[in-house]
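One structure below.
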Amino acid sequence: MNGYFDHNATTPLHPAARDAWLRASEKHWHNPSSLYRDAGLASQQLESARERLGTLIGAEAERIVFTSGATESNNALFASLPAEATVVISAIEHPSVREAVRGRNVVELPVNADGVIEVDDLKQLIDSKRPALVSVMAANNESGALQPWRELASLCREHDVLFHTDAAQWIGKLDAANLGDCDFITGSAHKFGGSKGCGFLVLPHEKSRLGFIRGGPQEHGRRAGTENYPAIEAMVTALKTIGPCLSEVEHTQSRLRDAFIAEMRARFDSLRVISESAPRLWNTVLMVMPEHDNLKWLTRLSRRGFSISTGSACSSGKEGSSVVVTALGASAEELKRVVRISSGWETTAEDWQALAAAFLEVFEELKRGGRPQ
Ligand code: PMP
């Protein structure tokens, strides 16, 4: 039994990514900026990884900058905008977007009752606020709700407004081939079987500048620091390897997830599943439990071998941690009962059933006053 249900926080290293990392570290560990032959080979491999990633996400390689992950990509993007620029962000963005725009002219785009952005709302904001850039994530990390990024990107294009999507949770779970239609894209390797500390930011075109991390002229002068080619190779390999399986995974896993929800509903009448009627990632369930604080659920499930989270890992432990449930207008009391389950590509029916059974066991334990049997 695999009790790991926190894939939206991070994923285990994919075996193909591990092999690619080892091969790259053994063969091409040289500094790609150095001038001798072996360094040149490392540099060629790095550029080949950029080309392959570009093909996978539908963006020209010249637009891609490798970074240390989605947090850096989001910060780098906003740091590159003029101070006076007005930016629109959705009410459910990750803290790495919310904090990066602090102190700027920011307009927040609300979500509907399903936790999804309405295209018409953005239309109105574009007319009234004339923003320089709109940032809406592709899939929400807490609820899994998919956002209409294709429609938002084309609306922005029509109005000459730049569009950014933080696709950290989309890439590796759903088809990423058209993401390149967005001006800016954020991605993170450890969300889809790559290693931690590696990601990318796609820029609008080959001439776009970026100066968040300064120093040497690496990444075509856009991001200083010796490139982590082995991690980059591992990231691209992970994405390439899981890509062809994704429609099958989506089909199988969303059915397992829905069976889990049905089972939980049968046991807990007033369970609330956030964004239940919206299109969602196949792996995510954000629930407001009918009773008991989320940490009580989390610690007791953890003792039984299950890893889940309270909202998003980046803000867990803090009161009111769920950005999404807050945006939906939940009470402080409800916020304390939020739990997030996020399965993986290989989670089985047995894993889901064992998790549902463990929820019931914990409930019985909490009824007895929290004492294990
Ligand atoms: N954006 C989203 C939507 C995320 O889910 C995360 C990870 N929780 C991040 C950004 C930050 O990613 P990283 O760990 O690569 O900095």
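Laid out as a table, the results:
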{"item": "Degrees, to the nearest 10: 15-27 long Cα axis against longest axis of the chain", "result": "30 degrees"}
{"item": "Residues whose placed amide H lies under 5 Å from that of ASN105, excluding near-sequence neighbours", "result": "VAL87"}
{"item": "HIS251 paired with MET1, simple spin-label distance in nm, labels 7 Å along Cα-to-beta-carbon", "result": "2.9 nm"}
{"item": "Within a Gaussian network of the chain (alpha carbon springs, distance under 10 Å), most fluctuating of ASN105, ASN283, ASN294", "result": "ASN105"}
{"item": "Hz values of 3J(HN,Hα) by residue in region 227-232 - Karplus curve (6.51, -1.76, 1.60), Gly and Pro given as x", "result": "5, 8, 4, x, 5, 5"}
{"item": "In nm, spacing of pseudo-spin labels at ARG304 and SER128 (7 Å Cα→C-beta vector)", "result": "4.8 nm"}
{"item": "Sparse-neighbourhood loop sites, trypsin sites (Lys or Arg not before Pro) in region 105-211 - DSSP loop, at most 10 other Cβ within 10 angstrom", "result": "LYS207, ARG209"}
{"item": "Amide H contacts under 5 Å for SER90, placed H, 5+ residues apart", "result": "LEU109, SER135, MET137"}
{"item": "Phi to ³J(HN,Hα) by Karplus 6.51 cos²θ - 1.76 cosθ + 1.60 over region 261-267, Hz, x for Gly, Pro", "result": "4, 4, 5, 5, 4, 5, 8"}
{"item": "Neighbour-limited loop hits for GluC sites (Glu not before Pro), region 230-338 (at most 10 other Cβ within 10 Å; DSSP other than H, G, I, E, B)", "result": "GLU319"}
{"item": "DSSP-assigned coil residues among GluC sites (Glu not before Pro) in region 93-184, each with at most 16 further Cβ atoms within 10 Å", "result": "GLU99, GLU118"}
{"item": "Net lengthening on full extension, SER48/VAL107 (0.36 nm per residue, minus Cα-Cα)", "result": "17.3 nm"}
{"item": "Estimated inter-spin distance, HIS205 and GLU361, nm [label 7 Å along Cα→Cβ]", "result": "6.0 nm"}
{"item": "Accessible area (Å², per residue) of the chain, counting only protein heavy atoms and a probe of 1.4 Å", "result": "43 Å²"}
{"item": "Helix 70-79 axis, angle to the chain major axis (alpha carbon atoms, nearest 10°)", "result": "60 degrees"}
{"item": "Three-way shape label, the chain, alpha-carbon gyration tensor, a/c 1.5", "result": "oblate"}
{"item": "Fraction of beta bridges assigned by DSSP in the chain that are antiparallel (%, nearest 5)", "result": "50 percent"}
{"item": "Note, ³J(HN,Hα) from phi for region 347-355, Karplus 6.51, -1.76, 1.60, rounded to Hz, x at Gly and Pro", "result": "5, 9, 4, 5, 4, 5, 5, 5, 5"}
{"item": "23 Å Cα cut-off, lysine pairs counted over the chain (separation 8 or more, or different chains)", "result": "13"}
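The values are calculated or read from the model by the stated rules, or taken from the named source; none is laboratory data. Nothing here was measured: the structure is a model prediction, and the numbers come from that model. For neighbour counting, all protein chains shown are included, and Cβ atoms are generated from backbone atoms with ideal geometry for every residue, glycine included. For the accessible areas, the whole protein counts, side chains as well, though only heavy atoms, and no ligand, DNA or RNA atoms are used. Shrake-Rupley method; radii C 1.70, N 1.55, O 1.52, S 1.80 Å.
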